[in-house]
Amino acid sequence: MRPEQQGVEVAVLVSVGRHPITGRARRADQDARGLELALGLERQLSGSRVSLLHAGPRGEESEAALRGYLGMGLESLTLLEQAEGSDAIPALAEHLAAAPPQLVITGARAERGEGSGLLPYALAERLGWPLVNGLAAVEKVENGVATVLQALPRGQRRRLKVRLPAILSVDGAAPAARQSAFGPARRAELEATSVAAEPDQELAQWQLAPARKRPKRLKIVKAASARERFKAAAAKAEGGSGQVLTDVTPEQGAEAILKLLEEEGVLR
Amino acid sequence: MLETLLPILIFAALGLAVIGAWRRVRLWRQGRPSAVPLLKGLAAMPRRYLVDLHHVVGRDKVMSNTHVATAGGFVAAAVLMILVHGFGLAQGILGWLLLAASATMFVGSLFVAKRRRNPPARLSRGPWMRLPKSLMAFSLGVFLITLPTVGVLPEDFGSWILALVLAAVVVWGLGEMVFGMTWGGPMKHAFAGALHLAFHRRAERFGGGRSTGLKALNLDDPDAKLGVETPSDFTWNQLLGFDACVQCGRCEAVCPAFAAGQPLNPKKLIQDMVVGLAGGSDAAYAGSPYPGKPVGEHHGSPQGPIVAREGKALVDAETLWSCTTCRACVEECPMMIEHVDAIVDMRRHLTLEHGNTPNKGAEVLDNLIATDNPGGFDPGSRLHWAADLNLPLMADVKQAEVLLWLGDGAFDMRNQRTLRSLVKVLRAAEVEFAVLGTEERDSGDVARRLGDEATFQSLAKRNIATLARYRFQRIVTCDPHSFHVLGNEYGELGGQYEVRHHSTFIAELYDAGRLAFAPWKGGSVTYHDPCYLGRYNGEYEAPRNVLKALGIEVKEMERSGFRSRCCGGGGGAPITDIPGERRIPDMRMNDVRETGAELVAVGCPQCTAMLEGVVDASAEVRDIAELVADALVARPAAGATHRPQAEEVI
């Protein structure tokens, strides 16, 4: 007898994202993909329920961003209201442990704040649940075991079975999020509950500075034909002859740099 | 016998017509309320009908005369018939007048019959094919029964069989012309049309005015419906307008999407709305269908959805997304029905409630929200194209005679050439101008036409707040879409500006003697009217005057001026990209080819992009600003020296 597929309780953890160019608050891309996956699951397994969970401070900007998720067709979002700079992990863990869903879906990495990508792991450790990262699809849920596809580099997929409850994290391999509609987003409710704020001690000690762009190796193309130019453009930048200088005086360092620039033809 | 029968017949038909009218009015009143002055509208109706409507009908002289004879004859005959045969006032001149009126109507109906012998594809068939016969039955029947009344024939002429036949003909005529007028026959157009003209939602259009800006949604009221989901979400006078359609198909003949084989036919869309307001299926529709969509598979009801989330309802979403909002159908409609308003109303629901803008729509809207431009470019790079031009910024100068609105073309390398040319022209004419630079945002045109009223209003309000900080006399822009939105749609949100298209402004500068041109040496030139400059804003002359000043004699395309064919770039159509059998810009470049012109002058970044995207085109595409800049008689620029070829760095 084939075991009956039954509906699952899915909690999607969502964060306030940050647009890469303008820095405006928005629904985070990976979290929105996670919600899209959950909504697909809801369609696939009748009787499933998707809930949204966010821990953080409430503000006009963050509320607009969170409503971006609600515009994908949900009626409410649970907001664990915390002061700025609080640690989200204990609050989330406590909330999830109180009424455990079968699946927790989250983006792999936040777009603002630390963005360390550690939250799913820390949460899994606290709750003692298994974690699958790089989720591409949930194929079926049977008898408390989910069969999922994990995305590997270069389009490969790995089929895994995971015991529920479990935490699944998604990245760019998950299906793209649907459009967020203004009407449902405006109507939906933010159910805010205050939780004990545990200040993030470690974060408070950190110094935050805007990230600098990593230097990119220049590619100097001396191509005569279009074909060669195309090949050069498509090729990966390769180093090869780099060297690491340690414990040198500023003069020696400067000389080495000057020498390199002359070799590369930047200086003549 | 007829003397006793006729009053009964006439008053029975009138009574039934009144009941039908009451039922029809109830159908329209399912719509949402809309404040229009009722009595004033009714008082203005005859003039609107005789002047404004016939101005449009008069573009086809034969049909116009036919309509004057038939409709004029009918109205006169109907009134006189009630007096003569209903109340028995046969003495004196009334009977003779009735004879004249019915004879005129009969002559008109002969022309209607001639038209229906080999009707063009745009005309609907079905019940419309019997209309000339019904017109003849009415006019001939009334004519014959009046002959004895005026004494041309003896009272007891013919036998009772003849009287019975005559009575049957009159019953047929009365049935179609009086009973059918309110119960849904072809003559419904007269009843609904007259009231539609009286209660039109854009009363400014009558008397030579222009009203083209979309109407804003009320977003402050959380209970207000976002757009139109069901037919009853239209305002009652919109429903009335749909019901007024005569199915003449002039809209179908000019619709670029229909011609391209995309699944849109404005006439069918309006008929579908009529099906929706009365409830039922579209199986009875007897005109050209939406290309690729058979008739009879869609059905709707006043409270049912127009577009289903899944499956089929009244209309498919891709029909609504095929529209380029070029307004050719509205311009051509003799009933002055507002197709574009209805389409955008329905799109608003699809975007704001369903969250279902097709293809690149969602991405473009997200970009507009996050970066204030549809391409998702860094807003800080809006002025990069002008790095060497040293443009005066409003933030520095605070006031200027002219505010140059760049539009999103500032991010497009092709349009940057136009903008640079325009700057050169303004400098040559020594115009005191400034730009907003990075403070400028998208005008909201695309967002609004994709149905995202929320993003439109957000962009508009922020632009209005920015503009309020500076003093300027007028805005000049090379983008007719910005021109239209700033000039016609910001007013409702609190921004009143005097806006000029660059062609208008250049024409003014030339007339003021501030520009001088070298004689034109190029080949033959045609001009493509952008929809948002021409039909939306009525500017047909200025671009042609500029071209004339350049010494260019424009070889007009067959479809130019108010009949110009759209380039396919409006209304977000390139973004939603609904497949068809042909491409709209290809058809337009074929129009250009037919003139034999080597160059097509345009005045819109969208048109430039669409027409330049045509493969194997016979003509070059140049913006008017570029032509003017090239012809300027001024000091030659020194920067054009030959530069050594640099090594390419990626």
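All other residues with a Cβ under 10 Å from the Cβ of A:GLY17 taken together, and with Lys, Arg as +1 and Asp, Glu as -1, what is their net charge?
Working: positive: A:ARG18, A:ARG24, A:ARG26, A:ARG27, A:ARG112; negative: A:ASP29, A:ASP31, A:GLU111.
Value of the local net charge: +2.
Tell me, what is the FRET efficiency for B:ARG116 and B:LYS215 to the nearest 0.05, using R0 = 22 angstrom and their Cβ-Cβ distance as r?
Details: r = 38 Å, r/R0 = 1.73.
FRET efficiency, B:ARG116 to B:LYS215: 0.05.
Just flag the trypsin sites (Lys or Arg not before Pro) in the stretch B:270-365 sitting in loop per DSSP whose Cβ has no more than 16 other Cβ atoms within 10 Å.
Working: sites: B:ARG309, B:LYS312, B:ARG327, B:ARG347, B:ARG348, B:LYS360; in loops: B:ARG309, B:LYS312, B:ARG327, B:LYS360.
Taking the stretch B:270-365 and a limit of 16 other Cβ atoms within 10 Å, the loop trypsin sites (Lys or Arg not before Pro) found are B:ARG309, B:LYS312, B:LYS360.
At A:VAL244 and B:LYS398, where each label point lies 7 Å from the Cα along Cα→Cβ, what is the point-to-point distance in nanometres?
Taking the simple label geometry, A:VAL244 and B:LYS398 are separated by 5.8 nm.
Using the Cβ atoms and a cut-off under 11 Å, what net charge is assigned to the surroundings of B:MET394, where Lys and Arg are +1 and Asp and Glu are -1? Mind dumping the intermediate values first?
Values: positive: B:LYS398, B:ARG469, B:ARG471; negative: B:ASP396, B:GLU439, B:GLU440.
With Lys, Arg at +1 and Asp, Glu at -1, the net is 0.
List the lysines whose Cα sits under 17 Å from the Cα of A:LYS213, skipping any in the same chain fewer than 8 residues away.
none
Nearest 10 degrees, 0 to 90: what angle lies between the long axis of helix A:88-98 and the longest principal axis of chain A (Cα atoms)?
So the helix axis and the longest Cα principal axis differ by about 30 degrees.
Lone cysteines in the protein assembly as shown, defined as no other cysteine's Cβ under 4.7 Å from theirs: which are they?
B:CYS245, B:CYS248, B:CYS255, B:CYS323, B:CYS333, B:CYS478 - these cysteines have no disulfide-compatible partner (Cβ-Cβ under 4.7 Å) in the protein assembly as shown.
Need the C-alpha centroid separation for the stretch B:129-170 versus the stretch B:189-236, integer Å.
Rounded to whole Å, the Cα centres lie 43 Å apart.
Using Cα positions and a limit of under 14 Å, work out the aspartates and glutamates in reach of A:LYS161, with same-chain residues fewer than 8 apart set aside.
In chain and number order, the partners are A:GLU139, A:GLU142.
For helix B:160-174, what angle does its Cα long axis make with the longest principal axis of chain B, in degrees from 0 to 90 and rounded to 10?
Roughly 20 degrees, rounded to the nearest 10.
Two decimals is fine: what's Rg over Rh for chain B, C-alpha atoms, Kirkwood radius as Rh? Intermediate results must be reported in sequence, preceding the final value.
Numbers: Rg = 28.6 Å, Rh = 27.3 Å.
My calculation of the ratio gives 1.05.
Please identify the GluC sites (Glu not before Pro) of the stretch A:1-78 that satisfy two criteria: DSSP loop assignment and at most 15 other Cβ atoms within 10 Å. Which are they? Mind dumping the intermediate values first?
Working: sites: A:GLU4, A:GLU9, A:GLU36, A:GLU42, A:GLU60, A:GLU61, A:GLU63, A:GLU75; in loops: A:GLU4, A:GLU75.
Passing sites in the stretch A:1-78 are A:GLU4, A:GLU75.
Counting only other residues whose beta carbon sits under 11 Å from that of B:GLY20, what net charge do I get with K and R as +1, D and E as -1?
Values: positive: B:ARG23, B:ARG24, B:ARG26, B:LYS188; negative: none.
Charge balance near B:GLY20 sits at +4.
Whose amide H sits under 5 Å from the amide H of B:VAL499, counting only residues 5 or more places off or on another chain, with H placed in the peptide plane?
Residues meeting the amide H criterion: B:ILE475.
Distance from the Cα centre of the stretch A:152-194 to that of the stretch B:433-448, in angstrom?
Value for the Cα centre distance between the two parts: 35 Å.
Restricted to Cα positions, what overall size does the stretch B:237-308 have along the principal axes? Three whole-Å values, descending.
Cα spread of the stretch B:237-308 along its principal axes, largest to smallest: 32, 25, 20 Å.
Find how much the distance from B:LEU389 to B:SER281 grows on full extension, using 0.36 nm per residue of separation minus their present alpha carbon separation; answer in nm with one decimal. Kindly include the intermediate steps, with their values, before the conclusion.
Working: separation 108, 0.36 × 108 = 38.88 nm, distance 6.11 nm.
Length difference between fully extended and current span is 32.8 nm.
What number, in nm² with one decimal, is the all-direction average of the projected area of the convex hull of the alpha-carbon atoms of the stretch A:9-205?
On the way: hull surface 44.9 nm².
For the stretch A:9-205, averaging the hull's shadow over all directions gives 11.2 nm².
Report, to the nearest 10°, how far helix B:339-349 tilts away from the longest principal axis of the Cα atoms in chain B, using its own Cα long axis and a range of 0 to 90°.
Result, in degrees: 70.
Give, in nm to one decimal, the length gained when the segment between B:ARG469 and B:ARG47 is fully stretched (0.36 nm per residue of separation minus the Cα-Cα distance). Provide the component values of the computation, followed by the final result.
Values: separation 422, 0.36 × 422 = 151.92 nm, distance 4.44 nm.
This chain segment gains 147.5 nm when fully extended.
Looking at the protein assembly as shown, send over the antiparallel percent of its DSSP beta bridges, to the nearest 5. All intermediate terms of the calculation are to be shown ahead of the outcome.
Values: 22 of 70 bridges.
Once the DSSP bridges in the protein assembly as shown are tallied, antiparallel ones form about 30 percent.
Restricting attention to the stretch B:19-97, which trypsin sites (Lys or Arg not before Pro) occupy a DSSP loop and are surrounded by at most 16 other Cβ atoms within 10 Å? Please report the intermediate quantities before stating the final value.
Values: sites: B:ARG23, B:ARG24, B:ARG26, B:ARG29, B:LYS40, B:ARG47, B:ARG48, B:ARG59, B:LYS61; in loops: B:ARG29, B:ARG59.
Hits after loop and neighbour filter: B:ARG29, B:ARG59.
Within 10 Å, at most 16 other Cβ atoms, and a DSSP state outside H, G, I, E, B define an exposed site. Report the longest part of chain B free of exposed GluC sites (Glu not before Pro).
Numbers: sites that count: B:GLU155, B:GLU297, B:GLU310, B:GLU430, B:GLU432, B:GLU498, B:GLU553, B:GLU556, B:GLU558, B:GLU581, B:GLU598, B:GLU647.
No qualifying site falls inside B:1-154, the longest such stretch.
For the stretch B:1-151, just say rounded, prolate or oblate: build the C-alpha gyration tensor, square-root its eigenvalues into a ≥ b ≥ c, call rounded for a/c under 1.5, and beyond that prolate if a/b exceeds b/c, oblate if not.
Values: a/c = 1.66, a/b = 1.22, b/c = 1.37.
Because a/c hits 1.5 or more and a/b fails to exceed b/c, the stretch B:1-151 counts as oblate.
How big is the charge dipole of the stretch B:365-631 about its Cα centre, in debye rounded to the nearest 20, if each Lys and Arg gets +1 on its Cβ and each Asp and Glu gets -1 on its Cβ? Mind dumping the intermediate values first?
Details: 30 positive and 40 negative charges, 71 e Å.
Dipole about the Cα centre, nearest 20: 340 debye.
For the stretch B:227-354, would you read off the P(r) tail past 22 Å as a percentage of all alpha carbon pairs?
Values: 2037 of 8128 pairs.
So the portion of pairs separated by more than 22 Å is 25 percent.
Please enumerate, by chain and number, the aspartates and glutamates with C-alpha under 16 Å from the C-alpha of B:LYS40, excluding those fewer than 8 residues away in the same chain.
Filter leaves B:GLU204.
Taking a 25 Å limit on the Cα-Cα distance, which of the listed pairs B:LYS215/B:LYS312; A:LYS231/B:LYS360; B:LYS188/B:LYS267 fall beyond it? Walk me through the intermediate numbers first.
Values: B:LYS215/B:LYS312 29 Å; A:LYS231/B:LYS360 30 Å; B:LYS188/B:LYS267 16 Å.
Over 25 Å apart, Cα to Cα: B:LYS215/B:LYS312; A:LYS231/B:LYS360.
Which of rounded, prolate or oblate describes the protein assembly as shown when judged by the alpha-carbon gyration tensor and an a/c cut-off of 1.5?
It comes out oblate by the Cα gyration axes.
With a ≥ b ≥ c taken as the square roots of the eigenvalues of the C-alpha gyration tensor of the stretch B:365-631, please select rounded if a/c is under 1.5 and otherwise prolate if a/b is larger than b/c or oblate if it is not?
Oblate is the answer for the stretch B:365-631, as a/c is 1.5 or above yet b/c matches or exceeds a/b.
Report ³J(HN,Hα) in whole Hz for each residue of the stretch B:127-142, in order, from the Karplus equation J = 6.51 cos²θ - 1.76 cosθ + 1.60 where θ = phi - 60°; Gly and Pro get x.
Coupling constants for the stretch B:127-142: x, 5, 6, 8, 4, x, 5, 5, 4, 5, 4, 5, 5, 5, x, 5 Hz.
If R₀ is 56 angstrom, what is the calculated FRET efficiency for the pair B:VAL62 and A:GLU61, using the beta carbon separation as r and rounding to 0.05?
Values: r = 64 Å, r/R0 = 1.14.
Efficiency for this residue pair is about 0.30.
Could you tally up the Lys pairs in the stretch B:365-631 with alpha carbons closer than 30 Å? Skip any pair fewer than 8 positions apart unless they're on separate chains. It would help to have the intermediate numbers written out before the result.
Details: B:LYS398/B:LYS424; B:LYS398/B:LYS461; B:LYS424/B:LYS521; B:LYS424/B:LYS548; B:LYS424/B:LYS555; B:LYS521/B:LYS548; B:LYS521/B:LYS555.
So the count of such lysine pairs works out to 7.
Coordinate-derived values only; no laboratory data. As the structure is a prediction and not an experimental result, all values here were calculated from the model. Positions of Cβ are backbone-derived with ideal geometry, glycine not excepted, and every protein chain shown enters the neighbour counts.
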